[in-house]
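The block underneath contains the structure these notes are about, expressed in structure tokens.
Readers should treat all values here as calculations from the given coordinates under stated rules, not as data from a laboratory. Source: prediction; values computed, not measured. Don't worry about glycine lacking a Cβ; one is built from the backbone with ideal geometry, like all the others, and counts go over all protein chains shown.
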Amino acid sequence: MFGCLLRCACSRCQAPGTPGTATGSVRSSFTRNPVGRVILCVVLHALAGSACGDLRVVGLSDAAYHSGADAVVPADDDGADDGGAGGGGQDAQRTQPPGSFGPHHVGFRQMVLQDPAGGKSLTTAIWYPARKPSARATPATYLYVIPGRGYENLAPERSAAPYPLVLFSHGNFGINVQSISFTEHLASQGFVVAAPNHEGNTLGSNPSDEEMARISLERPVDIVATYEALLAMNDEPDNELFGLIDGESVGISGHSFGGYTALVLAGSEVNVDAARARCEAGVEGDVFCPYIIYFPAGQTVRRPAGAAGFKAALAMAPGGYAAFGDDGLARITMAVMLMGGTLDEYTLNDLRPLYNGLVPPKYKIEIDRAGHMSFTDICRADLDVKELNDLCDPARYIGIDRAFEIINPFAAAFMRFFLKGETEMAAYLAPGHAGGFPEVSFTSESR
């Protein structure tokens, strides 16, 4: 069964018109966005190569194998230094360089959260500072083939709680565990990180352009619903997350379509009529114009209510300049950092106009030879999938390890400065620090 499914799905990883492509049966949004097909092919390759027994794909399922009621793995209380990250209080967190993993161990779990307003189920990946793992702890492996540095269901480390919350929005046809090098790193630095799956826009989805317009409107709502559900759990004394989250210090992050989502939650607005006019006038390489014609005419898309604690936004390889325009971006109410690559296949033309339209404080990190997938861990899957190989070709793109050696220190310093008030992080958000990375073009503007 999986072999047949693999051949069927991965045939769609080829360009339209090439042998094996079911061109007539693949709708436009699926054809134009190969990232989700790449992830799907990674999973199916792993399934086809397995014994197909009692397997779990971390990040794919829901309450079938992960829920808020999962047993917590006991911590190792021997207090020994294992040479890696360890528990630590506020002082240990402040002295940790933003590019180093730690001082905390990282726990990982998935929960199915309920949107109290819309009734939607949100399968949410959560990373958090954790106590030292015992010998019985299970290392997290994502999408079958990508090992992480965290452990499933570790007991939380409460010595420095509450921790700021960073919400992550995955990319178009992506998945909540697509950027684990980023999410695990932030958790090790003293953040709770939560990433919901956006229903209808994960791997294997095949929405029409009209459905994509609806998804564009629902994505920010998903993030706010996740935030509200976590705050409710944070107030329940019997919940493992009780008291772990500082709900007044919240950051937003996202990749690609998730970068657009992050900018909406930062306060950017979409005047639908103005956006349609920009698209009709022609916007080179814009990925949003096919969807904007289905946005509700005569309306303005705004950040949903319930985001009072949001204070900083990080958008990686974001799209959507045609949707926002300068007027919409000027409505942003918090600090924003943009990251992008010089070889981005999809949103390269958006990065600089988006930055120019932002109000200070703002930061832009351009990474030489980074592509669209360089902000995810999908390229770590060592599988012979043509499109995966094309989008991750080491002869063309920056190595994935090197990419996150750049992404993580800037991201962690940004979140620590604006969410934790660590003023010493300003030195890592300056040209002097950026000069240590020859691949980086750094631009910033303060208030």
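Treat every Asp and Glu Cβ in region 60-445 as -1 and every Lys and Arg Cβ as +1, leave all other atoms uncharged, and give the resulting dipole magnitude about the Cα centre to the nearest 20 debye.
Here the size comes out at about 560 debye.
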- request: Rounded to the nearest 0.05, what FRET efficiency do residue 382 and residue 231 give with R0 = 41 Å and r taken as the Cβ-Cβ distance? Could you check?
  value: 0.55
query: In whole Å, what is the distance between the alpha-carbon centres of region 360-402 and region 404-438?
result: 20 Å
query: For the charge dipole of region 60-445, defined by +1 on Lys and Arg C-beta atoms and -1 on Asp and Glu C-beta atoms about the Cα centroid, which residue among 142, 186, 153 has the Cα displaced farthest towards the positive pole?
result: 186
- prompt: In straight Cα distance, which aspartates and glutamates are under 19 Å from residue 120, not counting same-chain residues fewer than 8 positions off?
  reply: 62, 199, 211, 218, 222, 228
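Could you list the trypsin sites (Lys or Arg not before Pro) in region 226-310 that lie in coil according to DSSP, counting only those with at most 15 other Cβ atoms within 10 Å of their Cβ?
Within region 226-310, the qualifying trypsin sites (Lys or Arg not before Pro) (loop, at most 15 other Cβ atoms within 10 Å) are 302.
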query: Amide H to amide H, which residues 5 or more places from residue 106 or on other chains are under 5 Å from it, using H placed in the peptide plane?
result: 130, 151
field: Average projection area in nm² (convex hull over Cα atoms of region 60-445, one quarter of hull surface)
entry: 18.1 nm²
query: Hey, got the dipole for region 229-343? About the Cα centre, +1 on K and R Cβ, -1 on D and E Cβ, debye to the nearest 20?
result: 380 debye
- prompt: In what order do 423, 300 fall by count of nearby beta-carbon atoms within 10 Å, going from fewest to most?
  reply: 423, 300
